[in-house]
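Visitor: Sharing a structure with you now.
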Amino acid sequence: RSGIINEPLETLRNDKKLKEVYENKFVQEYKLNFVNLIKRPTVDVSKLKSSEASAGIKLVKQAIRKYKPYTVCFIGKITYKMFKGSKNENPGYGFKGEIYGSKIFLCHFPIRGFASVRVEELKALYKEANALAKRQA
């Protein structure tokens, strides 16, 4: 609904088809990618420990330096705070500055709140990334 990817909703609701989109179109066609700070599943993200994120933080920083994305989106405040190393900060959502020349965006966590909020956030992120791409072309 945000316009970031152009796939039918039926495809996105089907795990097998969604996996095909991720594996075959995300990077090449849509210029998207995901990097996890912590590579283990959890029922509640607040149960993750900051100490578990150090390798993932290094990986994210390396990816940003190497690929120079127009924007980097953090999903949820806990992830963003782990990356920044700031436990007590209470950041607002939206654009947060830059890292290595890439604009940082903080998006709501998918499980909390209305989906329409995230759709609007992703529209804003997509619009800014496209504007940056046009300026640099």
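The values are calculated or read from the model by the stated rules, or taken from the named source; none is laboratory data. Keep in mind that what you see is a predicted model, and the values were worked out from it rather than measured. Neighbour counts run over all protein chains shown; Cβ positions are idealised from the backbone, glycine included. Protein only, heavy atoms only, side chains kept; ligands, DNA and RNA dropped before computing areas. Shrake-Rupley method; radii C 1.70, N 1.55, O 1.52, S 1.80 Å.
Visitor: List every residue pair whose Cβ atoms sit under 8 Å apart, with the two residues 6 or more apart in sequence or on different chains, where the first one lies in segment 64-88 and is β-branched (Val, Ile, Thr) and the second, anywhere, is surrounded by 19 or more Cβ atoms within 10 Å (Cβ to Cβ) and assigned to a loop (DSSP other than H, G, I, E, B).
Guide: Thr79/Leu37
Visitor: Take the conditions out of contact with any helix residue (DSSP H, G or I) (no Cβ under 7 Å at 6 or more places or on another chain) and within 26 Å of Arg1 (Cα to Cα) and apply them to Ala115. Does it pass?
Guide: Answer is yes for this residue.
Visitor: Here's another thing I want to ask about it. For segment 88-137, which positions are closer than 22 Å to Asn36 by Cβ, open to solvent by less than 50 Å² (accessible area, probe 1.4 Å) and among the acidic types (Asp, Glu)?
Guide: The one that is closer than 22 Å to Asn36 by Cβ, open to solvent by less than 50 Å² (accessible area, probe 1.4 Å) and among the acidic types (Asp, Glu): Glu121.
Visitor: Could you grab me the full set of residues in segment 83-111 that are in contact with a Ser or Thr (Cβ under 8 Å, 6 or more places away or on another chain) and either at positive phi or of a type in the set (A, V, I, L, M) (or both)?
Guide: Selection gives Gly85, Ile104.
Visitor: Right, next: Among the residues in segment 40-61, are any without any contact (Cβ under 8 Å) to a residue 40 or more places away in the chain, of a type in the set (A, V, I, L, M) and closer than 17 Å to Gly101 by Cβ?
Guide: yes
Visitor: When the residues of segment 49-68 are filtered to those that are farther than 10 Å from Val35 by Cα and touching a Lys or Arg at 6+ places or on another chain (Cβ under 8 Å), which remaining residue is modelled with the lowest pLDDT?
Guide: Ser50
Visitor: Same structure again: Looking at segment 43-82, which of its residues are on the phi < 0 side of the Ramachandran plot, open to solvent by less than 60 Å² (accessible area, probe 1.4 Å) and assigned to a loop (DSSP other than H, G, I, E, B)?
Guide: Result: Asp44, Leu48, Pro69.
Visitor: Checking the conditions here, which among Glu29, Glu20 is at pLDDT below 90, acidic (Asp, Glu) and open to solvent by 70 Å² or more (accessible area, probe 1.4 Å)?
Guide: From the options Glu29, Glu20, the qualifying one is Glu29.
Visitor: Now for a separate question. So Asn130 clears everything in (1) at pLDDT 85 or above; (2) within 17 Å of Ser2 (Cβ to Cβ) except one condition, right? Which one?
Guide: So Asn130 meets the others, but not (1).
Visitor: Among the residues in segment 8-22, are any of a type outside the set (Lys, Arg) and not in a helix (DSSP H, G or I)?
Guide: yes
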